[in-house]
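Working notes for the structure below.
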Amino acid sequence: MNQQLLKFAPVAIAAALALTACNRQETPATKATPAPEPAKAAAAPAADVIKIGHVAPLTGGIAHLGKDNENGARLAVEEINAAGGLKVGDKTYKLDLVAEDDKADPKEGTLAAQKIVDSGAVAVVGHLNSGTSIPASKIYSDAGMTQISPSATNPKYTEQGFKTAFRNVANDNQQGAVLANYAADSLKAKTIAILDDRTAYGQGLADVVERVAKQKGMKVVAREFTNDKATDFNAILTKVRATKPDVVMYGGMDATAGPMAKQMTQLGVKSTLLAGDGVCSPEFIKLAGDASGILHCSQAGEAVEKLSKGSEFVDKYKKRFNADVQVYSPYSYDAVYVVADAIKRAGKTDRASITAAMPATKYDGLTGTVAFDEKGDVKGGAISMFKIVNGKMEYVSTVR
Amino acid sequence: METFIQQVINGLVLGSMYSLIALGYTMVYGILNLINFAHGDVMTVGALTSLTTALLLQSMFPGMPGWFILLGALLAAIPVCVTLSLVIERVAYRPLRNAPRLAPLITAIGVSIVIQTIAMLVWGRSYMPYPQLVTNDPINVFGATVTQTKLGVIGLSAVVMIGLMLLVNRTRLGRAMRATAENPRVASLMGVNPNFVIAATFAIGAALAALAGVMLATTYGVAHFYMGFLPGLKAFTAAVLGGIGNVPGAMIGGLLLGLIESLGAGYIGDLTGGVFGSHYQDVFAFLILVGVLIFRPSGLLGERVADRA
C-alpha cells in the first residue's frame, strides 16, 4: 500500500509544480540582479542623501525596456549630483536611485513597491507596466509617497482616486483612439482583427481600439487572445487569416510582437500590424527581422528625435550606457527632474510635503512642459505614430 | 477547410517538437522512474549553443549557405547537450539512485534552476533574435501555408522518431535498455551494464532535446534563457498523456497535445459561442490531460508495469 502511494508521489509533485510554473522561471534571476542599493546603512533621515525609488522589470522578456527606464532615471540622478546636488533650504542633498526589479509581474510589483517604501525613498519613478503600476499604486498611496510612472498608460492607474499617482505620458484612452483613427484614416482600413496579451496594458489598449474602431464604422472581424509569455501564435493567426482583415491590432509588448510579426509573414497574413507603445521599440525590429516592415505603431509621447533637446539626450545616453534609447527613458529622465522640482518647491524632503507640491508642477523638461490634471495625468500628452521602413523606425505624425 | 488544414499543420509542427522533448522525459522515466525536470533546460542550452555557433559561423564564413550553418549549429549543440546531460546524471542523479524516490526528483528541480541561472549568466537576460538561416517564404500546400522550416521540423522529427523506434526495438543497446527498464538487477545479472545503459539513455534524450531546441528557436526566431521551461512542462504533460515510460506513447502524446492546443485555440471560441476565447487553449489541453488520467491513469498507451522489487 505504502509503495503504491509512493509511486504517485512524483506525479503529484509534478502537478503542483506545473501550477506554480509561471513564477518559477523568474526565481533564479533575482539573485543575479545587481540591485544597486549601496546606501542601506543611510536609513537615518539626518544623512544628506535623498532616495528616489525606481521600479521596472529587469528580468524577463521586456527587461530591455525596464533597463531603459532605469537608465533614463539614473542619467537624471547623476546629472543632478554632478551639478552639485539638490539644494533644499540651506542644505544640499545628493540623490540616490534605489532600483528594484518587478519582473513585469503584478505580484512582484507589490513586493518591489513595499521594498521601495521600506528603503526610505521619498518618491518613486515607475513602474513600467500598467499591470504592475496599478496594484503598486495602492502601496505607495498608503505610504503617502509620490509615484510617477513614465510609461504606464492604462487609464485605470490614475482613476483610483489616489493623491499620489501621477504619470508623465499620455494614457491609453488617447493612444487607443489615435491608433483606431490612424487605422481608419491613414491606413484606410475597413476591417480590423484585434489581439491582446491579457495584461492590464494590452487588454486595456485593445479594448479602447475596439470601441473607437466600431465608432469609426470599422468592422472588428476577430478578437483573439494570447499571453505575455507565449511564442507560438500560429493557431490564433490562422484564425485571424481566415477573416482577411485589413489591419491586425495587437495590444502587447515587443517581446511577443516580434515573433508574432514573423509568424504573420510565414502564414501569409497580408494585413498591416498595428500596435501601441509596448511594441514601438528598436527591440521589435531586432526580434521581427525581415518581417518588421508590416508594423505601424504609436508611442505615448513625442518622438525623441522631435524633441528640442532630444538628440542631445540620445548622445548623452549612448555615451553613458553604450546602448540605444528604447522608448521611455526620456520620460523616466524627466520624472526624476519633476520629483526634484517638487522637492525644491516644497522646501522639505518628507513624503507628504512632496506629494502636496506635486499637483502644482509646471516643469519645462526634455519631453515638453510637464503639468498634471486633477487626476494626475499629464496635460496635453502627445501620441506619435511610427512605421518601420527598411528596419528603421520612421516618424509619421504626432497627435496631441 | 483551409483554416482546418492550416490548424492541423500548426498542431503537427508544435506537436513534433513536444514529442522530441517528451521522448527524453519518458525514456529516463522508463528506466529510472525519475522525472528529469532539468530536461527542458538542457534543451535551452542546446538552442542557445546553436545560436552562438550560428552567429560565429555567419561572421567567419559570410558566404556559407543558411542550411549548412544550421547543420553546423545543430552539430555543435548536440555534443554540448549530451555532455551536460551526462554530467548531470553522474553528479546529481547517480549518487541518489538508491535513495527514496523524492530525493532525485527534488534534485532534478534544483538542477533545472541551476542550469537556468547559468544560462542567464552566460547568454544574458533578454530575448535574442535567432538568425533566419532558411528562407521563410510561405509555400502553399492544399490551401494551407507552410515554410521550409516547418516542413523540416515535421519531416526530421518523423525520421528521428522512426530511428529511435528501430534503436529501441532492433538493436542490442535497445534490448539492454528495455531489459534495464523491466528489472535493472536481473538485467545486470544477464551481463548488462546498467550504468552504461542509463548514461546512453540520458545521452539520447539530450541529443533529441538539442534537436528540439534548435527547431524551436528556428521556428519562432527567438531564444532566451528560460525558453525551455514551458515547452518542457508541456512535453512532460505529453509524456504523461501518452503513458510515461512508453516510447511510442510520448510520440503520440506530443503530437496529440500539439493538435489539441492548436485546434483548441482555433475553434474553442466558435464551439462555445464566444464564452471561452483562445486564451483558454492551455486550460483545454490540461483538461484533456486530467480526463485521460482519471479514466486511464497509466496514460493512453501506458500499461500497468509490475512493481519493482
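Nothing in this text is a laboratory measurement; each read-out follows from the coordinates by a stated rule. As the structure is a prediction and not an experimental result, all values here were calculated from the model. As a convention, Cβ positions derive from the backbone with ideal geometry for all residues, glycine included, and neighbour counts pool all protein chains shown.
Take the Cα of B:Asp282, go 7 Å toward its beta carbon, and the backbone nitrogen atoms of the range B:222-241 under 13 Å from that spot belong to B:229-235.
Membrane-span-like helices in chain B, defined purely by DSSP H runs whose alpha carbon atoms cover 18 Å or more axially and whose average Kyte-Doolittle hydropathy reaches 1.0, are B:2-32, B:66-88, B:102-123, B:148-170, B:194-220, B:229-242, B:247-271, B:281-295. The percentage of C-alpha pairs in the protein assembly as shown whose separation is greater than 45 Å is 26%. Annotation for the range A:206-280 versus the range A:351-400: alpha-carbon center distance of 27 Å. Considering only alpha-carbon pairs that sit under 8 angstrom and 6 or more positions apart, the relative contact order computed for chain B is 35 percent. For chain B, a Gaussian network of Cα nodes joined below 10 Å ranks B:Phe236, B:Phe142, B:Phe196 by mean-square fluctuation, and the top entry is B:Phe142. Counting Cβ atoms of other protein chains within 10 Å of each residue's Cβ and taking the mean over peptide A:257-268 gives 5.
Among residues other than A:Gln326 whose Cβ falls under 13 Å from its Cβ, what is the net charge (Lys/Arg +1, Asp/Glu -1)? Residues close to A:Gln326 contribute a combined charge of -3. An oblate overall shape is assigned to chain A, the ratio a/c of its alpha-carbon gyration tensor axes (a ≥ b ≥ c) being 1.5 or greater and a/b not exceeding b/c. Here the relative contact order of chain A, from alpha carbon pairs under 8 Å that lie six or more residues apart, stands at 16 percent. Fully extending the segment from B:Leu56 to B:Asn140 would add 26.9 nm, taking 0.36 nm per residue of separation and subtracting the current Cα-Cα distance.
What FRET efficiency, computed as 1/(1 + (r/R0)^6) with R0 = 56 Å and r the Cβ-Cβ distance, is obtained for A:Lys319 and B:Arg94, rounded to the nearest 0.05? Given R0 = 56 Å and the Cβ-Cβ separation, E is 0.60. Placing pseudo-labels 7 Å out from each Cα toward the beta carbon at B:Thr272 and A:Ala360 gives an inter-label distance of 5.4 nm. Residues considered: B:Tyr93, B:Tyr226, B:Tyr267. Largest GNM mean-square fluctuation over chain B, using C-alpha springs under 10 Å, is found at B:Tyr267. For A:Lys239, a cut-off of 22 angstrom between C-alpha atoms picks up these lysines, skipping any fewer than 8 places away in its own chain: A:Lys190, A:Lys214, A:Lys219, A:Lys229, A:Lys262, A:Lys270, B:Lys150. When you filter the trypsin sites (Lys or Arg not before Pro) in the range A:212-291 for DSSP loop state and at most 13 other Cβ atoms inside 10 Å of their Cβ, you are left with A:Lys270. Projecting label points 7 angstrom from Cα along Cα→Cβ for A:Gln215 and A:Thr369 puts them 2.7 nm apart.
Here each label is just a point 7 Å from Cα along the line to Cβ, and for B:Leu167 and A:Gln160 those points are 5.4 nm apart.
Indicate the gyration tensor shape class of chain B (rounded, prolate or oblate), computed on the Cα atoms with a ≥ b ≥ c the square roots of the eigenvalues: a/c under 1.5 is rounded; otherwise a/b larger than b/c is prolate and the rest oblate. Taking the square roots of the gyration eigenvalues as a ≥ b ≥ c, chain B is oblate. Here the translational diffusion coefficient of the range A:173-300 follows from Stokes-Einstein with Rh set to the Kirkwood radius across Cα pairs; for 25 °C and 0.890 mPa s it amounts to 177 µm²/s. Entry note, the range A:110-210: relative contact order of 24 percent, from Cα contacts under 8 Å with a spacing of 6+ residues. Counting pairwise Cα distances across the range B:1-111, what percent come out greater than 25 angstrom? Result: 41 percent of Cα pairs exceed 25 Å.
In degrees from 0 to 90, rounded to the nearest 10, what is the angle of the helix A:63-82 Cα long axis to the longest principal axis of chain A? With rounding to tens, the tilt is 20 degrees. For the pair A:Asn227 and A:Asn81 in one chain, pulling the backbone fully straight at 0.36 nm per residue adds 48.4 nm over the alpha carbon distance. When the Gaussian network model of chain A links Cα atoms closer than 10 Å, the mean-square fluctuations of A:Ala73, A:Ala352, A:Ala255 top out at A:Ala352.
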